[in-house]
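Every read-out reported here was derived from the displayed coordinates using simple, explicitly stated rules and does not represent laboratory data. This one's a predicted model, so the numbers in the text were calculated from it and none came from an experiment. Counting neighbours? That spans all protein chains shown, and the Cβs are built from the backbone with ideal geometry, glycine included.
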Amino acid sequence: MRPFKYTRATDVAAAAKTVSTNREAAFLAGGTNLLDLMKEGVAKPSELVDISGLAFSKIRSSGNVISIGSTAKNSDTANHALIRRNFPMLSQAILAGASAQIRNMATNGGNLMQRTRCTYFYDVNMPCNKREPGSGCGAMEGINKGHAIFGWSDKCIATNPSDMSVALMALDAVVKVSGADKKQRSIAFADFHRLPGDTPEKDNTLEPGEMITSIDIPMSSAGMAANSYYLKVRDRASYAFALVSVAAAFEIKGGSVAKARVALGSVSHKPWRCDQAEKLLTGKSLKDLNDASLRAAVDAELMDAKPLEHNGYKVELARRAMVLAFKRALKSEVVA
Amino acid sequence: MSEEKTVKNRKNKFIGENVNRIDGIFKVTGTARFATDWPVANVAYAVIAKAATAAGTISGIDSAAAEKAPGVIGVITHKNAPKLTPAGNLSGGSVLQDAKIEFFGQHSAVVVAETFEQAQAAAEMIKFTYAKAEARVNFDELIKTAQKSPSPARADVVRGDFEKAYSAAEHKLDAVYETPIEHHQPMEPHSTIAMWEGDNLTIYNPSQVVMGMRGAMATVFGLKPEQVRVITPHIGGGFGAKGGAWGNTALAAMAAKVVKRPVKLALTRQQMVNSVGLRQKNVQRMRLGADATGKLAAIAHETSTHTGTTSQFVEGCGDVSAMTYAVPNSLISYKTTAMNVISPTFVRGPGKAPGSFALECAIDELAYSLKMDPIEFRLKNEPDKDPANGRPWSSRSVVECLRRGSEMFGWKNRKMEPRQVRNGEFLVGSGVAVGSYPARQQGTSAIAKLTRKGTDVEATVELAASDLGTGTHTILAQIAAETLDLPISRISVKIGDSSLPPAAGSVGSVGAASFSNAVSEVCLQCISELQARSPKSSGPSDPVPVNVAELMSEANLTEFQTRVDARPPAQAGQYSSHSFNANFAEVWVNEQTGMIRVNRMVAVTGAGRILNPKTTRSQILGGCIWGIGMALHEESILDPRWGNFVTRTFADYHIPVNLDIGTIDVAFVAEEDKIVNKLGVKGVGEVGIVGVAAAVANAVFNATGKRIRKLPITPDKLM
Amino acid sequence: MSDNFPELVDELTADEAELLEEVLSDLGESRRKFIGQSSTAVLGAVVLQFLAKRTALAGEEMAEFVPLGDEQAVKVSFRVNDAAKSVSVDSRMTLLDALREKLALTGTKKGCDHGQCGACTVMMDGRRVLSCLTLTAQCEGRSVTTIEGVAKGDVLHPMQTAFIKHDGFQCGFCTPGQICSAIGLMHEARNGELSYVSKDMRKTAASITLSDEEIRERMSGNLCRCGAYPNIVAAIREVHTGKATDPMAVIFDMSKEGSDATV
Ligand SMILES: Cc1cc2nc3c(=O)[nH]c(=O)nc-3n(C[C@H](O)[C@H](O)[C@H](O)COP(=O)(O)OP(=O)(O)OC[C@H]3O[C@@H](n4cnc5c(N)ncnc54)[C@H](O)[C@@H]3O)c2cc1C
Ligand code: SF4
Ligand code: FES
Ligand code: FES
């Protein structure tokens, strides 16, 4: 690890300024991803601006949104009464990630910003366009069991590993950011992470120096609280990244699906929103929800999947996991 | 020396009791010292830089930046390294003796600096250029041209006429079972503090074989063995990886010599995958033939595997097929191909663990095709003597293990046909498999020292044994206390130091038998020698009650010590001695996600005398969990283009976590083995894992109807 | 809790005897006094006095430490096992390395250095965290408790006692992390915090009693390669529920035991 300067930020604008002017500077929140990458030699910041002391650690209700502070810890977020009551699927998704110790350290902003777990990205001896643009993609012709089946490019086939983000995608969250010039913007969750295209080094649409201040979830999504589920499938029972994960949430009104939100994790460079499936499920009467109809919705979504050499299983796994997540979310509402 | 197998008439009874670990207090307070925990003044920090190519030579090294980096006090490469005498796994490349590269991640430089951070940063700055040679790293391709193993230990073993019996057999099975490369990954990465005083070397280094490490360092540095001292009272797990000497230890000593200061060198977790050996990938073709009644007529166990390029080590997968069942016609063979990987070595249950996966799944498959209960099938083929060599068993408890286990497990409720039991989203299935591991005692010396103050006697037993979590400290204290009839609090156990009397290693399940017999003998000898000196005593008369305090005071002694060089009993070689087990697993398979949980297991073991059921049970639990990891999680993958492992970290190389493990019941069957050694102790370190993966895989078949012959059984394989 | 295991016996290994000798001479005591005192409580007390002493001493050593070379130095004031520390460290130095290499608190272990094993678990302001992914610089104003500091005065923490009774370790390398993690887990359960296997996220409770499945999930961030998991669960269950169990018990009726697989 190269030497770096460590400073504790006291105000957002100054911190943002430092990071936007020094391209080698980075925000440090919980450190659970950044430090790991620095030890691997993947990240080499010359300066770390510790933002954990900034006043973004609150989770509160404001108007028609629940606003989740970017420096609030993952564990505090998952356990917060407002989240548990309104967005239990988010609690589940956060708790499905990492370990208790890591969740006690990790922040929400950091969680959204965490980088791919692609093993070639992590090993500096390997080619990787995301780590070193132009060096080639080690995974493309390599071992790609964990890689994307949607939205990949010939430059990068990595997946986004965040569990939390999959739930936030399904909950129609909005990411609030603040830049060096104190300019604030709101980014719809679907626009926050990006597909690799020709620039896989960019995971998201933040500008240099922009800092996430909060993640806002509309209260309208709370209508799905009773019928939501986050399912994570992995190679061991816990403390492992997903092979495939599903966030499924439904609002049931008068015996039918008034609203359906579905997202898949670990299948693409970004959390994968399943519009096709949502469309097919919305408006369905509960009594028409059975294995066949759920499966039809899922199949429509997976038609465009493009598996690679080693990850063909993900298509079938996603298919089954989605149906299972739907059933767990709908609980007694479905008879099938 | 007393002929008694054990002592009698003692007030202090510890042998066979559930004594808590005597070193437990230190382990729960963080005061047990592992290698890098020793406070050593003026220590410098070393970090290894590794090769990023799998074959060829280092053609250039740019270390200028590293040498100038802050805090750096030494950069060692093959260009300036002191000349050593490579031996064994300390092959030339691994200790910087030449430019040759044998595998991806071979040690290529050592950087020493004032702090760890500085050494690590400087190590990153070294740039190597390579003259690359074609690397042999694509297993699937290489295995096609594998040749008979040149190792004499792996020559064909032929009994009867396999081909003839097999082709005549009514029921046949021909299937291929595959196990991947696995890593030991003990929780304590290999790490060393090395220091020189003149030409004498002291290393704090986790070593399963204390004297072996001393010998290896002496050879490599051209020293007399007495000039090397290895200190290793606690070892943070080893599982075979800390049995031999690997380059890292020699490099620590080399670095200390170069910078003339004590040096601390710990491998990183990522470096573990290509520094300390591995379990090779095995492709095992099994052919079994049986008659209509389920009597086995023929068995062939043909293993195709790889070695490293610098060693011919091949684990003996076929061993289990030679001795587990009574089969008149058998063939065991090995084909190997050399690969540019770190040399394969012993890993928990060497040979037997992967071998039993193949054999015990094959047995299950054949039993199923015969519509026979797999336990009944096994009982039918139970051998009355060791089929491998015709020798009588010193004791054998497979039948008893199976009987006891099936009772505990409730085997009678198991359905023979798969997919019969469902619980909500889960398919439930049960499987069984047996295992065994040879039991041996090896020569071990020990000293017992007694000191007396009034009527109070304290005893210390000293031997260069090791404790890697196996409970050596505790069982030796138990034996000494009971034999000398003293409270256990009066016993000190000094082990893990090569300046003590030479002992066997904690490898191949020889540790407990070798150490405990030596300590038992030295304590008995104490008594008989004291009795001989005591004017009142009528000579050696154990087993009558002894009072060492009285004996010492009669002989007017305040200090006494004696030593034995214990040897295995002569008759042991005429028998076949093994530990045995039966493993039962119940798996719950989520039919949709393919995630598998071993919800409960029963492991019944026959391993002679159990010195401490509590610590022994723990070792069996460990074996079961290793077996579950082998069945469901563990797999190391080489990228066939470059020969690097893509499974370098604990995030990529999965071992079981707490939630993967359900309830495990452990039981021991009483085995009184008067032949294997005086105390009748076999070992449990290895046997615990043998058969477990097969029990799990058989249970997965019973649950799902899917026979997975390629480990690990991950969700993708059930799609 | 120590009442629960009358059969406990302790003795020192050579190095530990040496270490104890060193401590005791510091404390003006002789080891002899403790020989024959075979209860954990007494021996524990000695070890704990030693730890207190070591922690105090560590402060003095630390004050001397200035990073060598041009590295960026950071000044940090924090508490370690209830003692105030004010140190200047290389900005790259993790809390784990500061504890081990500078504060002589080697109980905390480095199993992976990348957040993937839990061996380095310590408590920060009462919550379990990983010291290998924490920069010392991030500890300003914080209070850190390591394995050396979990006992209260002269008495072992019940979790330490339970780990001994239930043989919750083999090699012992993961143990400091397991114990710190288990203590953290108890706090979390008392606060009614959830895990992924909790049945209902929406149901809130002040404090929850954990099933074995819950304990397993919540301890899954601590790898144990020796495979002590069932014993670790037994130790935690005993402390968490207050019900003493037989460490050698065979479960037999496991149909009930296994029934809550959730993933
Ligand atoms: C062993 C292990 C297992 C894990 N398993 C999982 C898992 O199963 N599922 C899962 O989802 N995650 C998992 N994680 C990842 C973990 O959730 C993330 O590391 C964590 O959420 C990152 O948060 P942090 O605060 O520590 O971020 P940091 O490491 O501090 O920062 C990460 C990145 O985000 C940037 N950043 C931080 N805060 C902000 C902000 N407010 N605005 C802009 N940029 C910011 C930093 O500059 C840095 O680039 C695992 C991690 C480890 C080490
Ligand atoms: S998939 Fe993306 S992250 Fe992985 S090696 Fe290719 S470019 Fe790098
Ligand atoms: S050393 Fe920190 S998690 Fe492994
Ligand atoms: S006790 Fe050895 S790793 Fe847990």
Reachable aspartates and glutamates from B:Lys674, Cα under 16 Å, same-chain residues fewer than 8 places away excluded? B:Glu3, B:Glu4, B:Glu521
Label point at B:Gln147 placed 7 Å out along Cα→Cβ; residues across region B:332-354 whose backbone nitrogen lies under 17 Å: B:334-340
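Where does each of B:Lys295, A:Lys287 land when they are ranked from fewest to most other beta-carbon atoms within 10 angstrom?
Taking fewest neighbouring Cβ atoms as first place, the list is A:Lys287, B:Lys295.
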In the structure shown, do any of A:Lys44/B:Lys83; B:Lys264/B:Lys352; B:Lys352/B:Lys717 have a Cα-Cα gap over 32 Å, and if so which? A:Lys44/B:Lys83; B:Lys264/B:Lys352
So if I take the centroid of the Cα atoms in region B:212-288 and the same for region B:644-718, what is the distance between those two points in Å? 26
Is any helix in chain B, taking whole DSSP H runs, at least 30 angstrom long along its axis by alpha carbon and on average at least 0.0 on the Kyte-Doolittle scale, and which ones? B:511-533
So, with points 7 Å from each Cα along the Cβ direction, the B:Thr293-B:Asn9 label distance in nm works out to 5.3
Can you work out ³J(HN,Hα) from phi for every residue in region A:270-278, in order, using Karplus 6.51 cos²θ - 1.76 cosθ + 1.60 and θ = phi - 60°, giving whole Hz and x for Gly and Pro? 9, x, 9, 7, 9, 4, 4, 5, 4
Can you compute the helix-only [θ] at 222 nm over chain A? Use -39500 (n - 2.57) per DSSP H run of at least 4 residues, normalise by all residues, nearest 500 deg cm²/dmol. -8000 deg cm²/dmol
Amide H of B:Ile664 versus every other amide H placed in the peptide plane: which residues, excluding those fewer than 5 positions away on the same chain, fall under 5 Å? B:Met601
Across the Cα atoms of region B:364-414, what radius of gyration and what greatest pairwise Cα-Cα distance (Dmax) are found, in Å? 12.9, 38
Kindly write out, for region A:306-311 in residue order, the coupling ³J(HN,Hα) from the Karplus curve 6.51 cos²θ - 1.76 cosθ + 1.60 (θ = phi - 60°), rounded to whole Hz, with x marking Gly and Pro. 10, x, 9, 4, 10, 10
Could I have the simple spin-label model distance between B:Thr558 and A:Lys202, label points 7 Å from Cα toward Cβ, reported in nm to one decimal? 8.5
Pop a pseudo-label 7 angstrom from the Cα along the beta-carbon direction at both B:Glu417 and A:Lys44 and give the gap in nm to one decimal. 6.5
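For the pairs B:Lys11/B:Lys682; B:Lys295/B:Lys706; A:Lys130/A:Lys314; A:Lys145/B:Lys27, flag any whose C-alpha to C-alpha distance is greater than 29 Å. Spell out each step's value before the answer.
Values: B:Lys11/B:Lys682 26 Å; B:Lys295/B:Lys706 26 Å; A:Lys130/A:Lys314 23 Å; A:Lys145/B:Lys27 40 Å.
Over 29 Å apart, Cα to Cα: A:Lys145/B:Lys27.
Give, as a single signed number, the net charge of other residues whose beta carbon lies under 10 Å from the beta carbon of B:Ser91, with Lys and Arg counted +1 and Asp and Glu -1.
On the way: positive: B:Lys100; negative: B:Asp98, B:Glu102.
Here the count lands on -1.
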Quick check on chain B: helices-only [θ] at 222 nm, where DSSP H runs of length 4 and up contribute -39,500 (n - 2.57) each and the sum goes over total residues. Nearest 500, please. -7500 deg cm²/dmol
What are the principal axis extents of the Cα atoms in region C:158-262, in Å, biggest first? 40, 32, 25
Longest to shortest principal axis, alpha-carbon extents of region A:5-52, angstrom: 30, 20, 13
Using the Karplus curve 6.51 cos²θ - 1.76 cosθ + 1.60 with θ = phi - 60°, work out ³J(HN,Hα) for each residue of region A:12-23 in order, rounded to whole Hz, and write x for Gly and Pro. 4, 4, 5, 4, 4, 4, 4, 6, 7, 7, 9, 5
Quick one: if the Förster radius is 41 Å, what FRET efficiency do A:Glu141 and A:Asn22 give, using the C-beta to C-beta distance and rounding to 0.05? 0.65
What is the ratio of the Cα radius of gyration of the protein assembly as shown to 2.2 N^0.38 Å, with N the residue count, to two decimals? 0.91
Measuring from a point 7 Å past the Cα of B:Thr57 along Cα-to-C-beta, which residues in region B:136-171 have an amide N at less than 19 Å? B:136
Angle in degrees between helix A:313-330 and the longest Cα principal axis of chain A, rounded to the nearest 10: 70
Taking just the C-alpha trace of region B:295-354, give me its Rg and Dmax in Å. 13.3, 43
Which far-off residues, 5 or more places away or on another chain, put their amide H under 5 Å from the one on A:Lys5, with H placed in the peptide plane? A:Glu47, A:Leu48
Interchain or long-range residues, amide H under 5 Å from C:Gly221's placed H: A:Ala100
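Residues with beta-carbon under 12 Å from that of B:Ser509, excluding B:Ser509: net charge, scoring Lys, Arg +1 and Asp, Glu -1?
Overall, the nearby charge balance is +3.
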Calculate, axis by axis, the spread of Cα positions in chain A along the three principal axes, and write the results as whole Å, longest axis first. 62, 49, 33
Dividing the surface of the Cα convex hull of region A:219-330 by four yields a projected area in nm² of 7.4
